[in-house]
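Since every read-out is calculated from the coordinates, none of them should be taken as a lab result. Just so it is clear, the model here is predicted, and its values are computed rather than measured. Using ideal geometry, Cβ is built from the backbone for each residue, glycine included, and neighbour counts are taken over all protein chains shown.
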Amino acid sequence: MQNPSRLRRIGGLLLAALVLCGLSVPARAQDSLLERGRYLVTTVMACGNCHTPKDAEGRPVAGKQLAGGGIAVDIPPFAVTSANITPDVETGIGAWTDDEVKRAIIHGERPDRGAQAGKPLAAIMAANFFKALLPRDLDAIVVYLRSLPAVRNVLPAPVYRAPVRHEPFAEADRGFTERDMQDPVRRGAYLATIAHCLECHTPMHKGVLQLDTALGVGGRRFLPAFIKGLPEGWKGAVSRNITAHPEQGLGGWSDAQIKRAITQAVGHDGRKLQPPMDYASYAGLRDEDLDAIVAYLRSLPAQPR
Ligand code: HEC
Ligand code: HEC
């Protein structure tokens, strides 16, 4: 039998050598679950865009990270307020098991107890996109949520006026593997899926997202009449065509222009871009992940609006 401590030492040396040579140990594999969870929640998945309350200028309210009430949406099928997802036992998700938290994120299901027992979450929680999460990333998100300070925050109860429906998103249904993360276009597809970019950037027709016929062509409207919690004076925004279409989409943009739009809210013509897209969170994306997202966007079939 080999001496286990010697094996461990050799393993450690090998890893150190790989890191020193900059060989392909992807950044995400080196991260602890907590660090990975923080990265996903605070950058690409931008949970705080909905779940963290903001002041009139749109700045996160100190001490209330992910404490709910960040946005409230009132549209025909439902009127809901983003939930408190801090570990507070009474008003947050402190009493939920890890599996229950995971089911909420990737299936939009609530536990069978509490005031809203068993009622599905409104479709604004994009479970049809979040279901693409790799198991390790889902674990990481839960570890990070558990590490947050518990904040007591009582919120209005949701009102459901129609059954919850999610349109299937093919990319999420097909799923991803750890191996895909080595390929920039596939990793970009993964990141854009868990960021639900195409949920916002695909038009709705009679309440149905046109994911099969108009993927990424934009035209979805976000208006102060039905979304509360965005900065004072926000007049609403209409999502843009982010397919590779040469005139109407991003086909004629440089990579740098696309990255500036995503992270700095500046259009290719210098125009200031408006919420609800969470440019500030995307500013925290690693360069290689931003490049992967751009590579994926360039692979979307060019379509006019
Ligand atoms: C587009 C807005 C939006 C984003 C982004 C979002 N959520 Fe939510 N989330 C909501 C809303 C609104 C609810 C409440 C839905 C309802 O009451 O039916 C909710 C509910 C939840 C719940 C259920 C909690 C409860 O007490 O019912 C969990 C858990 C949750 N979100 C976690 C997350 C995590 C983790 C992320 C990021 C990975 C995230 N959400 C991103 C809007 C959002
Ligand atoms: C919550 C909805 C939402 C999400 C999520 C979202 N966007 Fe957007 N995005 C918008 C809206 C609305 C605009 C238009 C803003 C304006 O015109 O002021 C926009 C603008 C853009 C633009 C600028 C396009 C132009 O022609 O000016 C790009 C590029 C873009 N989004 C890419 C992305 C990518 C990539 C993701 C995912 C990482 C993403 N968006 C996620 C809503 C969203």
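Applying 0.36 nm per residue to the separation of ARG271 and HIS107 and subtracting their alpha-carbon distance, the gain on full extension is 55.3 nm. Taking a ≥ b ≥ c as the square roots of the Cα gyration tensor eigenvalues, with a/c under 1.5 meaning rounded and otherwise prolate when a/b beats b/c, else oblate, which class fits segment 51-141? Rounded, since a/c falls under 1.5. Bridging of LYS102 to lysines at a Cα separation below 23 Å is possible for LYS64, LYS119, LYS131, once same-chain residues fewer than 8 apart are set aside. Under 14 Å of direct C-alpha separation, and excluding same-chain neighbours fewer than eight residues apart, LYS259 reaches these aspartates and glutamates: ASP269, ASP278, ASP287, GLU288, ASP289, ASP291. With a/c under 1.5 counting as rounded, go ahead and sort the chain into rounded, prolate or oblate using the C-alpha gyration tensor (a ≥ b ≥ c being the square roots of the eigenvalues; past the cut-off, prolate if a/b is larger than b/c, else oblate). Note, shape of the chain comes out oblate.
Here each label is just a point 7 Å from Cα along the line to Cβ, and for LYS119 and ASP183 those points are 4.3 nm apart.
Can you tell me which of GLY48, GLY207, GLY94 moves the most in a GNM of the chain? Springs connect C-alpha atoms under 10 Å apart. Fluctuation is largest for GLY207.
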